[in-house]
Amino acid sequence: MTSSLILSVVTFLYLGAALAYLIHVIFRWELAGKAGFFGLVLTVAAQTGAIILRWVESYRLGIGHAPLSNLYESLVFGSWAIGAIYIWVEMKYRHRALGVFPAFCAFLAMAYASFDKDMLRHIQPLVPALKSNWLIAHVIACFLGYAGFTISCGIAILYLLRAGKKESSSSGIIPGNLVLEELVYQTVLFGHLLLTVGIVTGSIWANSAWGTYWSWDPKETWSLITWLIYLALLHARIVRGWRGSKIAVISILGFASMLFTFFGVNFLLSGLHSYAS
Amino acid sequence: MAEKDKSLLDRVASVKLTVLLIALLAASSVIGTLVQQNQPKGLYLKQFGPGLFKLFDTFGLFDLYHSWWFRLLIALLALNLIICSVRRLPKALKLMRLEEFAGGPSKLTKFKNHVQVKLKAAPEDLKPEVDKTFGWAGRPRWGELEGGHLATFSSGKASRLGPYVVHLSVLLIILGSLIGSIFGFKGFVQIAEGEETSRVMLNTGKEGLELPFSIRLDKFTVKFYDTGAPSEFRSDVVVKENGKQVASASIVVNDPLTYRGVSFYQSSYSAIPKTVDLKLIPKDGVPILLKARYREPVEVEPGLVMRVVDFKENLSNFGPAVALMVFPKEGEPHGSWILVKHPGFHGNRVHGYRVEVASYTTGYVSGLQVASDPGVWIIYFGFTTIIIGSYMAFFMSHVRVWVFLKPGKKGAVLTAAGTYSSNPIGFERMFSEAAALIEGLERESE
């Protein structure tokens, strides 16, 4: 399958983009930043092609469905979402130094998808429960939200690393603390809205498949926990006026909860979402 | 006394309490995923020992999400939301109406985002330029003030209502789930092909529920992919009311049948023998040949009734087996598993007969989840509005920009200032771009 081959290459392209961004930040070398950005654009374009190709391939196999149905496909889409949304953030806010963390996370997701020995990488037919358009909306919304949280966490880490130092140490490459803090918040806003859509569409899907929109299954519950953590962040910031390090710490905590929702629940707790493992 | 009441109300309405409740709900949900929920008692006793079991049981940790204290947290959150919203809504409505700039044009330069330039053109001639440059902030309204012209741009007013829409949605979702748990039910039916039932086994207890209509399973089909994975489970059913057929449908996973507010969801299936041809061989005498229908009584000899009560496609790796029960007039009913593929098996005996299964035909039993939830539409409405409300609150911004044009010595003095309710990066970029355009206009010569 051609799509798998392209996706293996994409894995290394993400690593390359992450390294270029890292060189850009450490050595304040403008060209490396440009290389990181255009490398990332190329990577996401190739990955988009591979995802579409995998979709086409599934139809050629006679079991056509959107490539969003198992752990492998969701990791591929997840890394795509991180790459695509980061490109959008960089173009919108015009700061090149924030790419290290998202590009590296996208690389890790792809590396896990491509090289884990237990990973089922071939296209599988859909079992009856997964035959639903709500599922497609659910997976897309959740992973776009997760991508927002990933980018937010990266900026929050950068903020905390920088917070101890004086503002004057800014080289012009890394944005000032106020901008970083605002970006942590803006990306959480995006992630939280998309996670809301993800939980809602998942809930509607559950109701059409099992007749119950919420059953406190561990995955559902952990997605709610993640949602609540970011909800606390929003209220603390908007109404209580929390800023800076406190907000950055909650963003990192939310990211940890998100990782547990996606990976921890699959491996440590059992429940309805066994399809995703 | 009044003072004390006020402080209690203040506390219930505080955002501190909101954040505390959110944190408590999150923390207790974590516990609920670490302690497996709704398992048999014995399993917990084995896992935790009697001491911890008693403690956990007292706090309802084994059915945490339905425990009194978890419900209390949700009720407190609802109360907090209502009081918070009611108290803050008037302020938000006031802010929405607030467009006129009260302080007078001279105060505009006090804003963080402002620009003041002396320009060559006359105030009237600058109006179209101002409309164009600040068009992103809304539609302008021009007025006369202190001998000059004041333009007021305003947009995204609705964003002020966003938080209230979200809070109302959360209350609707809580209300919907409450209505569902009071007026709805969840249960299960198992129907064999060709059979009809109106009785639902409820999930909550042993008792059943009689529906005002019945459902008949005509055919159950299961399809598989080449890989062996299932591709479709389908129950073709007919709904009958007062002896008349009122609906028919093919129920598949993700596509339930709903009749009179009761929905049926494809959930499970099992294979059963429809008819079993039995050969009963007495110690001496002529063998008796019988055709038994699944779970229906059949007379073996006067006063002795037999039933096929169960079926296994593979019993302990001995292949298919049927369970026979005999009900003698006197004495206890008794029975045995009869191995189909091993007619010589010594256990193939019931009530003194050696039994052989000559042949059997199979059919299916379909398991359907049954649910009635009158609250679900309120929940779906809440789902829709929570997304709209979040978008309003966080992705729209109540932007207000004022531009004051005053005659200068020769040309005009332009003062612009603006403010926003959210998204400072976006606003500040737009404002500074507009300011740069204004500053690029031809200046008044000194």
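Structure data summary
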quantity	calculated
Whole-angstrom gap from region B:162-227 to region B:7-36, using each part's C-alpha centre	31
Local net charge near B:Leu126, Cβ-Cβ under 12 Å (Lys/Arg +1, Asp/Glu -1)	-1
Within chain B, helix-based [θ] at 222 nm, where runs of 4 or more DSSP H residues each add -39,500 (n - 2.57), nearest 500	-11500 deg cm²/dmol
Most fluctuating residue given options B:Val308, B:Val170, B:Val286, as computed from a GNM of chain B linking Cα atoms under 10 Å	B:Val286
Computed magnitude of the charge dipole of chain B (debye, nearest 20; Cβ of K, R +1, Cβ of D, E -1)	1180
nm² value of the averaged projected area, convex hull over the Cα atoms of the protein assembly as shown	46.4
Computed Rg/Rh of chain A, alpha carbon atoms with Kirkwood Rh	0.98
Least to most buried among A:Ser257, B:Ser270 (fewest other Cβ within 10 Å first)	B:Ser270, A:Ser257
Per-pair calculated FRET efficiency, R0 = 51 Å: B:Glu444 and B:Thr384 via Cβ, rounded to 0.05	0.40
Fewest-first ranking of A:Leu40, B:Leu34, using other Cβ atoms within 10 Å as the exposure measure	B:Leu34, A:Leu40
Farthest positive-ward along chain A dipole, Cα basis, beta-carbon charges - from A:Val25, A:Leu268, A:His235	A:Val25
Choice from A:Lys246, A:Lys117, A:Lys131 with maximal GNM fluctuation in chain A (Cα, 10 Å cutoff)	A:Lys117
Simple spin-label estimate for B:Trp68 and B:Val86 in nanometres, 7 Å along Cα-Cβ	2.6
Principal axes of region B:83-193: Cα extent on each, largest first, Å	90, 38, 23
Chain A: angle of helix A:71-93 to the longest principal axis, Cα-based, in degrees nearest 10	30
Potential lengthening between B:Thr275 and B:Arg295 on full extension [0.36 nm per residue; Cα-Cα distance subtracted]	6.2 nm
Efficiency of FRET from Cβ geometry, A:Leu120 and A:Ile26, R₀ 30 Å, rounded to 0.05	0.20
Histogram of C-alpha separations across chain B, 10 Å bin width, %	4, 13, 14, 15, 14, 11, 9, 8, 5, 4, 2, 1, 0, 0
Positive-end extreme of charge dipole, region A:1-123 - chosen from A:Val9, A:Ala45, A:Gly64 (charges on Cβ)	A:Ala45
Rg and Dmax [Cα atoms of region B:306-403; Å; Rg one decimal, Dmax integer]	31.3, 105
Unit charges at the beta carbon, dipole of region A:118-247: most positive-side option, A:Gln124, A:Leu189, A:Ile204	A:Leu189
Angle between chain B longest axis and helix B:15-34 axis [Cα atoms, degrees, rounded to 10]	30
R0 of 41 Å, Cβ-Cβ distance B:Leu45-B:Glu332: FRET efficiency to nearest 0.05	0.80
Nearest-20 debye value, region A:1-123 charge dipole, Cβ charges on Lys, Arg, Asp, Glu	280
Among B:Gly352, B:Gly367, B:Gly408: highest mean-square fluctuation, GNM of chain B, C-alpha pairs under 10 Å	B:Gly352
Estimated 222 nm signal from helices in chain A, with DSSP H stretches of n ≥ 4 weighted -39500 (n - 2.57), rounded to 500	-25500 deg cm²/dmol
With Cα atoms, 0 to 90° folded angle of helix B:2-12 axis to chain B main axis	70
Unit charges on C-beta of K, R, D, E only; dipole of the protein assembly as shown, Debye	1720
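Only the coordinates and a few stated rules stand behind these numbers; no lab work does. Since the structure is predicted, the reported quantities are computational estimates derived from the model, not experimental observations. With ideal geometry, Cβ positions are generated from the backbone for all residues, glycine too; neighbour counts draw on all protein chains shown.
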